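Below: one structure, written as structure tokens.
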Amino acid sequence: MESLIHYQRFVVDSSWRRPANGAVVFAGSPIKIFRLGLAGKQIAALLELGEPLPTGHESLTDRLLDAGAIHRSVSADNDLPYQLSDITVVIPAFVRSATDATQLGNLVSNCHGVSKIVVVDDASPHALPTLGGATVITFATNAGPGSARNAGLAVVSTPLVAFIDLDVAITTVTLTGLVCYFADQRLGIVAPRVACTSSDSTIGRYERLRSPLDLGLNQARIAPGTRVSYVPSALWLCRTDAIRAVQGFDESIRVGEDVDALWRIIAAGWRCRYQPEVSVSHPPRPTLHDFISQRRMYGRSAAELGVRHPGAVTPVRVSAYSAGMWMFIACGFPFLGALVGVYTVVALARKLRDVPNSLRESLRLAGLGNMHAARLIASAITRAWWPIAVIMALISRRARMVLLAAAVIPPMHEWWSERPELGPLRYLALRVIDNASYGVGVWEGAISHRSADALKPDVSSWPMNAK
């Protein structure tokens, strides 16, 4: 019975705040307001302690889960909802070298205990290693990762399927650590953290902090417009019914096909989770050329995803208040910017008048929101919008100052906070190259698809909604 109780335990998200232990909770991504009744307050108190919840909690906890305000607390030490024998592993393989072949062999050997391992050879130019016990499907011509995954999915007969890229390093307990989360019957996909393999190269040291595959240490729900809007398919453990319900991967997309499939699964009503408690590793780009090509390729994929999922790939999503405040400041009108900031606090205080210390809470939330907006706007200026920013900088001294601040201050803050094994100038240079390469890809994709969706900001009203 203890294992059943265990799956009713939850942990609150890092965003969780309940002023004065009262009847209002701020939590989730984006931040939402939850107003609680007497029973809700009791449940909130138990959630904060990580204790088992009373019967009838599901109405509230489901809403909190869907908002990213809480997360299920599970453990591989308890009875698992599925076993390794309920998993089929599908590995799309394009083997280009002896190193790739060795990585593939190691990956297959660490998947023992699963029902079946399916390796899809996507017309590899290098011979595959001996893969004892694995089923190999061979393509005559290269069809791309979406086609390879679909070919493997077609022969899956187990309730769960794991898609793993050949250059991902896992351990013998990786899949066991992920399968725990499928006690949630609405869970469609769970993904681990993908950390950069330790490397002494300059790019390796940079990617230990800024790898596009590494989404950090905080667990989260996955959904467009949230703190974790996507996860790379380096390793996904999926409910087979969920991935089949959306007809698998779109084979017409060579890059971004995983994000497209993920968002279609979410739109179909499934929950998807990022659980960094489980970690796998992935090698960094070996050369600067590969580094630039990868970022440019990711940028190009944003335009196509924008066509298929309008509004999901906006380069910046901030409130109209924050956008207006920073626009006035950037244009040389700090007093007007300050007035907008004050109005933000006043408007929020009215909305929160039933919250203890409403003015203090409004100041805190507005301040955090405006600082977060500054980081997002700076990121957009140096990534998706940098060609426009450079043109403006050529004709305006103020625009030059804004571009310089956006390009230098956030990376230097990151460097100071994280202290990577890389000097500040080299870190800054790679950050600029990273952002610029991605931006080139975004513009190439926008022109190719005749769509500006990946370039348009989302300037909404105050983002917090009452629940």
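For a quick check of your reading: which helices (runs of 4 or more DSSP H) sit entirely within the stretch 313-404 and have at least 3 residues that are surrounded by 14 or more Cβ atoms within 10 Å (Cβ to Cβ) and of a type in the set (Gly, Ala, Ser)? Even if it seems obvious, please write down each step before you answer.
Numbers: elements: 320-330, 334-351, 358-382, 386-395.
Output list reads 320-330, 334-351, 358-382.
What tally of residues in the stretch 423-433 results from selecting those that are crowded, with 20+ Cβ neighbours inside 10 Å and either among the aliphatic types (A, V, I, L, M) or under 21 Å from Glu304 (Cβ atoms) (or both)?
So the count comes out to 1.
Can you tell me how many residues in the stretch 127-154 are exposed (fewer than 13 other Cβ atoms within 10 Å of the Cβ) and among the β-branched types (Val, Ile, Thr)?
The number of residues fulfilling the criteria is 2.
Sort through Ser124, Ser157 and tell me the only one that's out of contact with any helix residue (DSSP H, G or I) (no Cβ under 6 Å at 6 or more places or on another chain), buried (at least 19 other Cβ atoms within 10 Å of the Cβ) and of a type outside the set (D, E, K, R). Don't jump to the end; show me each part of the working.
Working: Ser157 fails: buried (at least 19 other Cβ atoms within 10 Å of the Cβ).
Answer to the check: Ser124.
Could you please tell me which pairs satisfy a Cβ distance under 6 Å, a separation of 6+ or placement on different chains, a first residue in the stretch 171-182 that is farther than 18 Å from Asn106 by Cα, and a second residue that is crowded, with 20+ Cβ neighbours inside 10 Å and modelled with pLDDT under 90?
As it stands, the answer is Cys180/Val74; Tyr181/Val74, since those pairs meet every condition given.
Mind listing whichever residues of the stretch 418-444 are more than 14 Å from Phe291 (Cβ to Cβ) and within 21 Å of the chain's Cα centre (by Cα)?
Hits for the stretch 418-444 are Glu418, Gly439, Val442.
Filter the strands (runs of 3 or more DSSP E) completely within the stretch 125-229 down to those with at least 3 residues that are over 20 Å from the mean Cα position of the chain (by Cα).
135-138
Name the one entry in Gly204, Gly225, Gly256 that is in the same structural domain as Leu153 (by TED's automatic domain parsing) and under 23 Å from Leu422 (Cβ atoms).
Gly204
Can you pull out the residues in the stretch 310-361 that are on the phi > 0 side of the Ramachandran plot and within 27 Å of the chain's Cα centre (by Cα)?
Gly311
One line per residue, one yes/no per condition, for (1) farther than 16 Å from Phe291 by Cα; (2) modelled with pLDDT under 95; (3) crowded, with 19+ Cβ neighbours inside 10 Å:
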| residue | (1), (2), (3) |
| --- | --- |
| Val161 | yes, no, yes |
| Asp165 | yes, no, yes |
| Thr174 | yes, yes, yes |
| Asp184 | yes, yes, no |
| Ala191 | yes, no, yes |
| Asn218 | yes, yes, no |
| Gly225 | yes, yes, no |
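The values are calculated or read from the model by the stated rules, or taken from the named source; none is laboratory data. Quick caveat: nothing in here was measured; it's all calculated off a predicted structure. So basically every Cβ, Gly included, is an ideal-geometry build from the backbone, and we count neighbours across all protein chains shown.
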